[in-house]
Amino acid sequence: MTTDPDSFLTALRLSDSFLPVGGYTASYGVEQYINEDRIEDGDDLQALLEGYLRRVVGPCETVAVANAHAASGAGDLEALLAVDERLHAVTMPREFRESSTKAGAKLCELLAETDDRSAGACATGSRDNGGDSDDLESAFAETIATDETPGHYPVVFGVVAETRGLSRLEACLAHAYAFVTGLLGAAQRLGRFGHTEIQSVLESLRPVIAAVCERRVGDDVTAMVSFAPLAEIMGMRHERADRRLFMS
């Protein structure tokens, strides 16, 4: 089995923290955990992020990425909008919803400005997609721009990944990896962890990322759920915290 260079480079681009979609402003509650001294060392951080992977990223965001990818491949805008609606409904903390939708909109804007395949289409997308995934990408971008759908980042990510040749599993892996490195970067910028410790946690989480994505990649959209009560409480407390470096 050979790797397609273009798809592989796309996966690297989408999972890189260098991608300017605002991920650097989000900690998804990690900042509040640190503010309340609930994370003391790398073991605590690893346990927290493993919980995120198994309780939020896997059963919620990975399911969204996979089903958005499938809807894009089928050229089914209505199915895609249903994925976006479901993800919005099961994401409880306001800050988490806002971070996700702002990042989704930014990814659409970025592609419109930088990618030849998206530049004209994202600006003048048509609902008559005719089953073509490139046209569906532009139609979905239009519904986001006109506030007809929230435009959550995992949903946009799934569409973008499919139209650029990533398999469904590759899209899920790239998204989950980016989520983890984003939270690890947030923890590091908060001053509690050094580069080596962060890399150690990332390496320990690598098999968890793979296992979670392989388990959830085939789930139906109706199975999408998030159950991480303490993480959600931390996110809600963060909304009212006096000291905040991150948007979420």
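The values are calculated or read from the model by the stated rules, or taken from the named source; none is laboratory data. As the structure is a prediction and not an experimental result, all values here were calculated from the model. Using ideal geometry, Cβ is built from the backbone for each residue, glycine included, and neighbour counts are taken over all protein chains shown. Accessible surface is based on the protein model in full, side chains and every heavy atom, while ligands, DNA and RNA are left aside. Shrake-Rupley method; radii C 1.70, N 1.55, O 1.52, S 1.80 Å.
Once you list every other residue whose beta carbon is under 14 Å from the beta carbon of LEU12, what net charge do they have if Lys and Arg are +1 and Asp and Glu are -1?
Residues close to LEU12 contribute a combined charge of -2.
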Based on Cβ point charges of +1 for Lys and Arg and -1 for Asp and Glu, what charge dipole magnitude is obtained for the range 57-111 about its Cα centre, in debye rounded to the nearest 20? 160 debye
How large, in percent, is the carbon and sulfur part of the accessible surface of the chain at a probe radius of 1.4 Å? 51 percent
Using just the helices of the chain, give the 222 nm mean residue ellipticity in deg cm²/dmol: DSSP H runs with n ≥ 4 each add -39,500 (n - 2.57), and the total is spread over all residues, rounded to 500. -20500 deg cm²/dmol
How large is the dipole of the chain about the Cα centre if only Lys and Arg carry +1 and Asp and Glu carry -1, each at its Cβ, rounded to the nearest 20 debye? 660 debye
What does the charge dipole of the range 5-114 about its Cα centre add up to, to the nearest 20 debye, if the Cβ of each Lys and Arg holds +1 and the Cβ of each Asp and Glu holds -1? 320 debye
By average C-beta atoms within 10 angstrom, highest first, the peptides 208-220, 142-154: 142-154, 208-220
Tilt, helix 229-238 to longest principal axis of the chain (alpha-carbon atoms), in degrees rounded to tens, equals 90 degrees
Listed residues THR10, LEU173, TYR33: farthest to the positive end of the dipole of the chain (Cβ charges): TYR33
Which listed residue (VAL63, LEU53, GLY75) has the Cα farthest towards the positive end of the charge dipole for the range 38-95, taking +1 on Lys and Arg C-beta and -1 on Asp and Glu C-beta about the Cα centre? GLY75
With the other protein chains left in place, how much accessible area per residue, in square angstrom, belongs to the chain at a 1.4 angstrom probe? 47 Å²
